[in-house]
Each structure stands twice: as structure tokens, then as C-alpha cells.
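Here is the structure we will look at, set down as C-alpha cells.
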Amino acid sequence: MATTPHATPDSVQCGADGKITILLVEDHDMVAEAIRLAFDRTDDLDVVGRSLSVKDALADAARLRPAVVVLDRRLPDGDGIAAITPLKAAAPGTRVLVLTGEGSPAMAALVAEAGGSGLILKAGNLAELQDGVRLVAAGDAAFSNGLLGGALERLTGRTAGPGAALTPRERETLGLLGDGLGAAEISRRLGVALNTARNHVQRVLEKLGARSQLEAVAVARREGLLP
């Protein structure tokens, strides 16, 4: 796991017992239970609450003021990355660590741009997540291997993600593809001719390097262009 330089120890927010307090935002029961058990096995990590949605997380973060929010990327009522800024506003000083089923440097860059402290892959082991929580609570950043370097390159403009060349209309088209719409329905939603809609779709595929609409959506989600 890659990190950024360490912060001072007094930047860690702890509970009365000295443990790092955690709000877990995860809507899948089995995943949430596995994470909670992993934290319960430690001497320094304490799950003080669990939220099932972005809406609940905002209220719970404001009420509990945890040191760290462990935030699932995909939730029933929204995208976890989009929730980072309002979460930090609801609970100033709280740090946000995002969990995702699949990640990329572009997604890691989006997390950093939104004010998140890290991105951990669910495919990693639970010890990586435990260490990630400790790191972000101390003011560091924690990213699964292979994500941090690419994220820094994206943030500094040295490399551009596959979505960088998309026009606003093409991004709108991509969003509709992500909703499962075909060219005919996209043409109606955008108020353009069918051939124009097909052209938009084709340009989206070309710019994402995809051979099909399904592949384009998969690439977009991996790159953080779609929730």
C-alpha cells in the first residue's frame, strides 16, 4: 500500500478509550460484518456506527464525528466519491477512506480531488484496510498498490485519463449509456436525430478505447467516470 508523508501523531482523532473511531458506510451486510469483525480484532480501531446510504452517512457523521469514515464507493442513493465533500462538511476534521470493488489511478485522483484520504480495493486483505484506517487517521493518505503514482500523475496533469477528451455532450451520452439506454432512447433524451446520437455513442467508444457499449460503461466505471 502506498502512502504520503506521515503527519504528527496529535492529528489522530480518538475516542475516550484512545481508539480510532470509525463510521462504516456499507450497504452489504456480509461485507460490513467482515469489516467490523476485522476492526474488532484490533486494540485500536472502534466502529462506532454503520450507515447504509449516503443520506444516513451524512447524518451519522455529523452526530458521531468519527475520526475516519470508511466509505463504500457505490451506495443505493449515490456515488461515494461524490459524497466525500458533503461528509467532510458535515463532520469537520473527519477523514474519508473509500472502498471500491475495482479501482484505477483516475478514480484515485477523483478521490484525492474531492478531499478523500485514500482508496482501498476490496480485493485486498483486511489487514490492508486496518492499516489504511490508521494511516488516514494520522493524516497520511492510503492507496492500494498501483493507484497512488498514477493518481499523482493525473493530478499534476502529466497523464490524462481516457475520459479527458470527452466533450460535455459525450459525457452526457456516456451517462445515458450507464443507465442502460440505447441509441434510440438517447436520441430522444438529448433531443437529437438518431444518427447524431449514434455518432455521439461511437465517439464515446473510440475515446474510451471500447469495442461495445457494455465495455465503454465498464471502462467508465473503472475510471471513475460513472458511479
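VAL219 meets the stated requirement of being modelled with pLDDT under 90, within 22 Å of MET107 (Cα to Cα) and either in contact with a Lys or Arg (Cβ under 7 Å, 6 or more places away or on another chain) or of a type in the set (A, V, I, L, M, F, W, C) (or both). Of the candidates LEU45, LEU71, LEU87, the single residue that is open to solvent by less than 10 Å² (accessible area, probe 1.4 Å) and either in contact with a Phe, Trp or Tyr (Cβ under 6 Å, 6 or more places away or on another chain) or of a type in the set (S, T, N, Q) (or both) is LEU45. VAL201 fulfils the conditions (1) modelled with pLDDT of 90 or more; (2) out of contact with any helix residue (DSSP H, G or I) (no Cβ under 7 Å at 6 or more places or on another chain) except for a single criterion, (2). For the stretch 1-24, filtered to residues that are farther than 15 Å from LEU97 by Cβ and part of a loop (DSSP other than H, G, I, E, B), the residue that is modelled with the highest pLDDT is LYS19. Counting the residues of the stretch 25-39 that are under 18 Å from ARG74 (Cα atoms), open to solvent by less than 10 Å² (accessible area, probe 1.4 Å), assigned to a helix (DSSP H, G or I) and not β-branched (Val, Ile, Thr) gives 1.
The condition of being at pLDDT below 90, in a helix (DSSP H, G or I) and open to solvent by less than 40 Å² (accessible area, probe 1.4 Å) holds for only one of GLY150, GLY103, that being GLY150. Selection of the stretch 126-138 for residues being out of contact with any strand residue (DSSP E or B) (no Cβ under 8 Å at 6 or more places or on another chain) and more than 14 Å from ARG41 (Cα to Cα) yields only ALA138. Scanning the stretch 37-87 for residues that are closer than 20 Å to ARG221 by Cβ and of a type in the set (Lys, Arg) turns up ARG73, ARG74.
When VAL133, VAL96 are checked against the criterion of being assigned to a strand (DSSP E or B) and open to solvent by less than 10 Å² (accessible area, probe 1.4 Å), a single residue qualifies: VAL96.
The values are calculated or read from the model by the stated rules, or taken from the named source; none is laboratory data. It should be emphasised that the depicted structure is a prediction, and the values quoted were computed from it without experimental measurement. Methodologically, a virtual Cβ is constructed for each residue, glycine included, from the backbone with ideal geometry; neighbour enumeration extends over all protein chains shown. In case anyone asks, the SASA skips ligands and DNA or RNA and just uses the protein heavy atoms, side chains included. Shrake-Rupley method; radii C 1.70, N 1.55, O 1.52, S 1.80 Å.
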